[in-house]
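Step one of this worksheet: look at the structure below.
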Amino acid sequence: MIGIEEVKARGLPYHVAIIMDGNGRWAKRRGLVRTAGHQAGAQAAERLIRFVVRQLGLKYLTLFTFSVENWDRPAAEVDFLMDLLERFISEKLQEFISEGVHLCVSGDVKGLPVRVRETVARAIGETAKNDRLYLNIALNYGSRQEIVRACQVIARAVQLGELDLKLLDSKAFSKFLYSKDIPDPDLIIRTSGEMRLSNFLLWQAAYSELYFTDTLWPDFAPEELLSAIAVYQERDRRFGAVPGEK
Ligand code: IPE
Ligand code: IPE
Ligand code: MG
């Protein structure tokens, strides 16, 4: 097992994004209800955030928490997830404030229950000056919806004569996404053995390194983040070029 100091010395990725999957299967294997898996998943998230802030020192961490497609789950599960999320953010807020965590959200916040929306808005406001870790929660998030929304805003701006279409390149386009202030993820991790992106950061993942693990999210320990980063550090990121030659 690789040590934290070694991983840090090799150079950390700037932005790690995680698809936290497998809560339901974790619960099922223990004969528990799915919501018990979500509860355990929240604890795993708490443990990981603490590790990242207090020990590892990443600058950006994105956690996929609830997708636009997740509304298709049974109402009781969706309600539980919303309550859990609201409680998680309100209970952690003081710690975030004192430890320098800057909370941001990618997703359609307006589509969330009012209580969740208010808690999220409060947490964003009260952590706005922090800059130790940018913790980006992908919440009511869908990447296709994010891209379509950007196109709508762009089309309107062009219609109103506020934007010159000729100036729209991929860099300018990215400023219309939820992630406008966040660098693209260097590393995307998905737990639970699924090898798909499930509508997560499709634009931003263009040159991300992908890491898949069979570990179910509630079992994902900080040591496994170190292993994932160690694998990432061995990758050769070429971005389409031939290294060393121009
Ligand atoms: C991830 O775990 C949590 C959310 C998607 C909200 P799942 O609930 O998807 O767990 P599995 O995939 O059914 O095991
Ligand atoms: C992706 O997991 C969404 C989150 C982790 C929040 P899902 O469990 O919803 O994805 P699928 O349905 O397996 O593709
Ligand atoms: Mg799942």
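Here are a few things to note about the model shown:
- In region 1-130, the alpha-carbon atoms span a convex hull of 122 Å³ per residue.
- Equivalent ellipsoid of the chain: semi-axes from √(5λ) of the C-alpha gyration tensor, largest first, are 28, 25, 18 Å.
- Counted as membrane-span-like here are DSSP H helices of the chain whose alpha-carbon atoms extend 15 Å or more along the helix's own axis and whose Kyte-Doolittle mean is 0.0 or above; these are 75-99, 143-159, 222-234.
- Relative contact order (%) - the chain, alpha-carbon pairs under 8 angstrom, separation at least six: 29
- Ellipticity estimate at 222 nm from DSSP helix runs (n ≥ 4, -39,500 (n - 2.57)) divided over the chain, nearest 500: -13500 deg cm²/dmol
- Springs join every pair of Cα atoms under 10 Å in this Gaussian network model of the chain, and among S198, S208, S106 the largest mean-square fluctuation is at S198.
- Hydrodynamic radius by Kirkwood, which averages 1/r over all alpha carbon pairs of region 79-215, in angstrom: 16.8
- Each peptide among 59-65, 97-103 gets the average number of other Cβ atoms lying within 10 Å of its residues, and from highest to lowest they stand as 59-65, 97-103.
- C-alpha center-to-center spacing [region 155-230, region 79-118] in angstrom: 20
Bear in mind that the values in this text are calculations on the coordinates, not laboratory data. In this text, all values refer to a predicted model and were calculated from it rather than measured experimentally. Counting neighbours? That spans all protein chains shown, and the Cβs are built from the backbone with ideal geometry, glycine included.
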